[in-house]
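A short write-up of the structure that comes next.
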Amino acid sequence: MKIAIVADWYLPRIGGLELHLRDLGRQLVRHGHTVHIICVTPPPPGEPRESESEGVRIHRLDVPLMPKFHSIRGPGALKPLEALLRRLAPDVVHTHNAFSPLAFAGSKVARDLGIPSLFTECSVLRGRVALFLRLVDKVLPWGRSPTLLSGVSSFVAEDVRRATGRDEVFVLHNGIDLSAWRCERREPSRPRVTTVMRFTLRKGPVRVVRIIPRVHARLPPELRPVFTLVGDGPQMVNVREEAKRLGVAEHVELPGFQPRERVRDILAESWVFCLPTRKEAMSIATLEALAAGCPAVAMNLGGVSDVVEHGRQGFLANDEDAFVNHIVELVRDHDLRARMAKATQERLSGFAWEHVIARHEELFSLARQRVAASAAS
């Protein structure tokens, strides 16, 4: 199939969505498909707005952007998007994320042109966000434009049902290369608790720093872990200041963004992976930690439950007290860590790219069948 993947953001902007779209495009190409990524993120200096990387064709629309959000800021993007889709003539349009105005536009233009489309939600849509999107849907029926709807976890799929009023919403997990993350476990003498994230307010890196005194207070000196926070972003300043204020800076490692090989090596030497995010759609970082054999502690408020079975590959905490307790328990108990590390591989096969791409192909074909049947009637 010829597939057009549409979202406002793409590399060189760094984030979970951007990296996922890159990997998804590459994997679809490896499975014999033609892939075009359509975004508005400007290219790196010196590169053209249309380029190709590992078989994936990248098209960067030259349209006005909202300064803070770096997304389209009005209907002016519809005409160039429509012209591009007419030129490419894809078999299916795959749009991503309700926070991406270009995704809304892509779904609408695809419907107007009679092109089958699949919308995938990558974020949690509860609370005020869900209310806002329901109001938007009454004016601009974004939830009715795509042929099919999906979410990256069962938790997110339920959010999409509530936000759009459509009962049929599929689960379409993100994928990872399991072989690239499997490694030999080697626990150093000093315990290490690791998290991997973009340093934004929503992800909550400061919350990791704030639990360090509580974790250390529950453990003898020889078991007090160093906390390694891999990533970077606007909250880095706050993370450094909070570590200094609490007197735990010597127990915090901040290596910044790291290539996947280095992240894997850090996870291989980590006793525990922790994820403090309170509304996590699915968490590729947790998948990667489990693939590296590292037990995980996460908040039980999102799609991580699709990945972690509580008490088996790690723990899901309902509040911060439980989050601290589970980290302490795993650091204290070598046998528990070993059992959970052995169990980390049990639920990962459904997230391997081979399985995930097959699921994409299934939904792309279903979207095409639905549009063909509608045209025939």
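For the stretch 3-57, the set of residues classified as of a type in the set (K, R) and either outside the structural domain of H96 (by TED's automatic domain parsing) or not in a strand (DSSP E or B) (or both) consists of R13, R22, R26, R30, R49, listed by residue number. All conditions but one from (1) touching a Ser or Thr at 6+ places or on another chain (Cβ under 9 Å); (2) closer than 25 Å to S153 by Cβ apply to V252; the one that does not is (2). Taking strands (runs of 3 or more DSSP E) as the structural unit, those lying wholly within the stretch 272-363 and holding at least 1 residues that are without any contact (Cβ under 8 Å) to a residue 40 or more places away in the chain, in contact with a strand residue (DSSP E or B) (Cβ under 7 Å, 6 or more places away or on another chain) and more than 20 Å from R182 (Cα to Cα) correspond to 296-299, 314-317. Within the stretch 81-140, the set of residues being part of a helix (DSSP H, G or I) and of a type in the set (D, E) comprises E82, D112, D137.
Restricting the stretch 54-68 to residues that are of a type outside the set (A, V, I, L, M) and without any contact (Cβ under 8 Å) to a residue 24 or more places away in the chain leaves a set whose member that is surrounded by the most Cβ atoms within 10 Å (Cβ to Cβ) is R57.
Check whether at least one residue in the stretch 221-234 is hydroxyl-bearing (S, T, Y), assigned by TED's automatic domain parsing to the domain that holds V328 and closer than 25 Å to L287 by Cβ, and report yes or no. Scanning the stretch 221-234, I find at least one residue that is hydroxyl-bearing (S, T, Y), assigned by TED's automatic domain parsing to the domain that holds V328 and closer than 25 Å to L287 by Cβ, so the answer is yes. The listed residues are V226, V272, and the only one of them that is touching a Ser or Thr at 6+ places or on another chain (Cβ under 8 Å) and under 21 Å from S189 (Cβ atoms) turns out to be V272. For P188, work out the one condition from (1) more than 19 Å from R337 (Cβ to Cβ); (2) at pLDDT below 95 it doesn't fulfil. Only one criterion is unmet by P188, namely (1).
Could we say that L254 is in the same structural domain as V331 (by TED's automatic domain parsing) and surrounded by 14 or more Cβ atoms within 10 Å (Cβ to Cβ) here? So L254 fits the description; yes.
The values are calculated or read from the model by the stated rules, or taken from the named source; none is laboratory data. Remember, predicted model here, so these are calculated numbers, not experimental data. Note: ideal-geometry Cβ built from the backbone for every residue, glycine included; neighbour counts use all protein chains shown.
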